[in-house]
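Taken together, the values in this text are just the output of simple stated rules run on the coordinates, not laboratory data. None of the values given here were measured: they were computed from a predicted structure. Cβ atoms come from the backbone with ideal geometry, glycine included; neighbour counts cover every protein chain shown.
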There are 2 protein chains.
Amino acid sequence: MARPRISVFIATSLDGFIATEAGGIDWLSTVEDEHGEDYGYGAFIADIDAVVMGRKTFDMVAGFDPWPFGDKRVIVLSHRDLGPAPEGVERHEGDLALLVARLGEDGVRRVYLDGGETIRQGLAEDLVDDMTLSRVPVMLGKGRPLFGPEVPYGRWQLLGSRHYPTGLVQATYRQLD
Amino acid sequence: MARPRISVFIATSLDGFIATEAGGIDWLSTVEDEHGEDYGYGAFIADIDAVVMGRKTFDMVAGFDPWPFGDKRVIVLSHRDLGPAPEGVERHEGDLALLVARLGEDGVRRVYLDGGETIRQGLAEDLVDDMTLSRVPVMLGKGRPLFGPEVPYGRWQLLGSRHYPTGLVQATYRQLD
């Protein structure tokens, strides 16, 4: 089977953070609007066959009610037992590229890579095919960065950008080979 | 006289750097096109009465031929003598807010704040009125960041965004009081 397409869909502050130092994401509510604008997330996730996330992201979303991924296949990268987990959630220990290859063998066509550490690992291993980056019009000053020094130099092709009345600017990029 | 309007106009990599660790900006050439697209810089600088920059930025641009600021008033923040400097270049030692007040007394209407340290200082002192941020579709991984921990939490209002055929995405923000 072919290698699945690996996609990133994530929002950062103007200064590139995905959360405050304490992990807070309250500042994301500055772009919530009265119409329930989802910034394309619904259409994106509908095209996804499997979600791969790190342990920190899982521990944060595990408490969400309802569970945000429905019955979609979710794989958590972790060395430790997940404890009670929603249906469809698996744990993977070890190499991300091996996991991606295995998902391809299972017929998975497109994977959503979620969480800062997992995204950086995917970029470091040159596995990410496309990224949708949303910039929330807030400066945090300090926080948990999306990118980091393990991300290699690379050029990306802009597929498109748009802005929303809330001030969020979204751009989608494809990796240039 | 009124306090001048303080503006920022700067490009970063997708991961928020304005230069490589060694100060390199060769990666900016990835968005040079055959038509000499200036991404609005000409119109921006035409509306500027004075440029305020840090010493590192001055030392970099001092070698440019021709001098990029024409006969515009340029103030370099530095504790050390500038050496031979183009006409119109002054040195300022001390408080940025005091300098801005003095420029206002001189009838300066709009100031361009240039260079990472100077921009961060302006943000830290709550002096920046508007920012035009251009995202070059390149990941650097490491480098000299535009923002930093001295930048305070703040919400910004998007005034507009656009993208260019080279993949550069530009957004302009106004500080929300």
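Structure summary
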{"read-out": "Beta bridges per DSSP with both ends in segment B:5-175, % antiparallel, nearest 5", "value": "40 percent"}
{"read-out": "Between segment A:1-74 and segment B:148-177, the Cα center-to-center distance that results, in Å", "value": "22 Å"}
{"read-out": "Charge dipole magnitude, Cβ of K and R +1, D and E -1 - segment B:33-147, Cα centre, debye nearest 20", "value": "440 debye"}
{"read-out": "Long-range amide H partners of A:R109 with built H, under 5 Å", "value": "A:D49"}
{"read-out": "Shortest-first nm distances, B:E87 label point to equivalent points in other copies (7 Å, Cα→Cβ)", "value": "8.0"}
{"read-out": "Nearest-first distances (nm) between copies at A:E32, label 7 Å from Cα via Cβ", "value": "4.8"}
{"read-out": "Cut-off under 5 Å, modelled amide H: who pairs with A:G54 long-range", "value": "A:L77, A:D114, A:T118"}
{"read-out": "Residue-by-residue Karplus 3J(HN,Hα) for segment A:97-110, coefficients 6.51, -1.76, 1.60, Hz, glycine and proline x", "value": "4, 5, 4, 4, 4, 5, 4, x, 4, 7, x, 5, 9, 8"}
{"read-out": "In sequence order, calculated HN-Hα J values of segment B:138-153 (Karplus, 6.51, -1.76, 1.60; Hz; x Gly/Pro)", "value": "9, 9, 9, x, 10, x, 8, x, 6, 9, x, x, 7, 6, x, 4"}
{"read-out": "Relative contact order, percent, segment B:5-175 [alpha-carbon distance under 8 Å, six or more residues apart]", "value": "37 percent"}
{"read-out": "Cα gyration tensor shape for segment B:5-175, rounded if a/c is under 1.5, else prolate or oblate", "value": "rounded"}
{"read-out": "Antiparallel content of DSSP bridges confined to the protein assembly as shown, in %, to 5", "value": "45 percent"}
{"read-out": "Computed [θ] at 222 nm, helices only, for chain A once each DSSP H run of length n ≥ 4 contributes -39500 (n - 2.57)", "value": "-5000 deg cm²/dmol"}
{"read-out": "Within straight-line cross-link reach of B:K72, lysines at Cα separation under 21 Å, skipping those fewer than 8 residues along the same chain", "value": "B:K56"}
{"read-out": "Fluctuation leader among A:G36, A:G88, A:G24 - chain A, Gaussian network, Cα springs under 10 angstrom", "value": "A:G36"}
